[in-house]
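All remarks here apply to the structure that follows.
The values are calculated or read from the model by the stated rules, or taken from the named source; none is laboratory data. Because the structure is a prediction, the values reported are computed rather than measured. Cβ sites come from the backbone with ideal geometry, for glycine too, and all protein chains shown count toward neighbours.
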Amino acid sequence: MMHFRRRLSHYFRGPKFDQAHQAKALFRSYYLAVKYFFYCLFLRYGLGKNVLGVVLIEHMGDIAAAEPISRKIKSGRRDHIVWFARKEFCGLLRHNDRIDKIQTVGCLTETYALYRRNIFNRMFMLHHQGRVCPRCRKELDKKENPRITVENYYDHGSLLRGYCISGGLEPSDDAPRVYISAAEKRLVSSLGLRSPYIVIHCLTNEESRNWTKEGWLCLLKELSDRNINVVEIGAKALAPQQPGSQYYDLCGKLTMLESAEVIRRAKLFVGVDSGPAHLANAAGIPGVIILGSYRAFKKYNPYSGFYGGGGAALLNHHQKTAGEIGCQEVLAAVLQKYHE
């Protein structure tokens, strides 16, 4: 039994599974190409629409940062935008009235047949050259703007500027927006959070971007000693046992847009470079972002709009990763922003 489990585990991590998933994704890619051939045919010739496809399937921060593109490309009522995204990120797009249809995909490979054929009036592939699908390991080979890659995109400025260039658009530093419905606002009102409060987000999907647990616990203690209310959001709480009525653990309890509404009501956002940080930027909430260096990028600013123009204290260093930034440096920036 143990031998069978080892073989099964090896299969699901190995090249055969990658090939199987790739074949399935390519099959779905051709299915979507046929589906949208007729969809675009009807809209173009039946209703006189200019059908535009946008491919940016993940993640929260990337989609939030790229929101201005939906306003940039939709110039009138004739334009019809279809945005391709993974299911777990579609909620972030649902209330954007510039987007006419959201198409869920399982992975980036499922968009390839559409991308390589002139089915849409224009298709904006926002992912960068060299992007590897994490599920089937297929690498994106772009037919336009291959000069901006996964290795150099921050050299071109903010995430938004990089995605504009990658998609064949004029670079932009417009402020992103987040679209929150009345239902999300009512739910957050029912939580009874004590204002004013600071929202913190501690963990990203990349370990190299994270601050240390010791740093966060130090910061939480300092804020608790000053009777400052703190709300933690995200998938998993860093300090779920943090004592005191000033700390609220909402991790794993909110949707992305409910989290955005919690952020929108905050006095300050404190976090690492992550999806919620981009939501805070879109909501126009002052922030303290623990950046550090990242991969080959020694000092960078991923934000356009409010945070791009000084709305947040960006703690980034040439020689330090986020995990090497000290608690007192973060605390000083938080207190300064909180009392402004």
Original post:
Residues Y179, Y112: which one is of a type in the set (S, T, Y) and closer than 30 Å to V230 by Cα?
Top reply: Y179
Subject >> Whichever residue in the range 290-311 is over 19 Å from G162 (Cβ atoms) and either surrounded by 20 or more Cβ atoms within 10 Å (Cβ to Cβ) or not small (G, A, S) (or both) and, among such residues, is modelled with the lowest pLDDT >> reply: G292
**OP:** Inspect all residues belonging to the range 211-218 and state whether any of them is β-branched (V, I, T) and either assigned to a strand (DSSP E or B) or buried (at least 19 other Cβ atoms within 10 Å of the Cβ) (or both).
**Re:** no
**OP:** Report those strands (runs of 3 or more DSSP E) wholly inside the range 36-111 carrying at least 3 residues which are free of Cβ contacts under 8 Å to residues at least 24 places away in the same chain.
**Re:** 101-104
**OP:** Collect the residues in the range 175-194 that are assigned to a loop (DSSP other than H, G, I, E, B) and either touching a Cys at 6+ places or on another chain (Cβ under 8 Å) or β-branched (V, I, T) (or both), keeping them in residue-number order.
**Re:** V178, I180
Original post:
Do you know which residues across the range 293-311 are closer than 28 Å to R177 by Cβ and free of Cβ contacts under 8 Å to residues at least 40 places away in the same chain?
Top reply: K299, Y307, G309, G310, G311
**OP:** Among what's in the range 134-147 and is under 20 Å from the mean Cα position of the chain (by Cα) and modelled with pLDDT under 90, pick the residue that is surrounded by the fewest Cβ atoms within 10 Å (Cβ to Cβ).
**Re:** P134
Subject >> Counted residues, the range 147-206 - those being in contact with an Asp or Glu (Cβ under 8 Å, 6 or more places away or on another chain), over 15 Å from L254 (Cβ atoms) and of a type in the set (D, E, K, R) >> reply: 2
**OP:** Report yes if R194 is modelled with pLDDT of 95 or more, surrounded by fewer than 15 Cβ atoms within 10 Å (Cβ to Cβ) and assigned by TED's automatic domain parsing to the domain that holds G284, otherwise no.
**Re:** no
Original post:
Quick one: is N229 within 26 Å of S181 (Cβ to Cβ), buried (at least 18 other Cβ atoms within 10 Å of the Cβ) and over 18 Å from the mean Cα position of the chain (by Cα)?
Top reply: yes
**OP:** Could you tell me whether the range 236-243 includes any residue that is touching a residue at least 12 places away in the same chain (Cβ under 8 Å) and in contact with a Ser or Thr (Cβ under 6 Å, 6 or more places away or on another chain)?
**Re:** no
Original post:
Since G162 meets every condition but one in (1) touching a Pro at 6+ places or on another chain (Cβ under 9 Å); (2) in a strand (DSSP E or B), which condition does it not meet?
Top reply: (2)
Subject >> Among (1) surrounded by fewer than 22 Cβ atoms within 10 Å (Cβ to Cβ); (2) hydrophobic (A, V, I, L, M, F, W, C); (3) modelled with pLDDT under 95, the one test that L114 misses >> reply: (1)
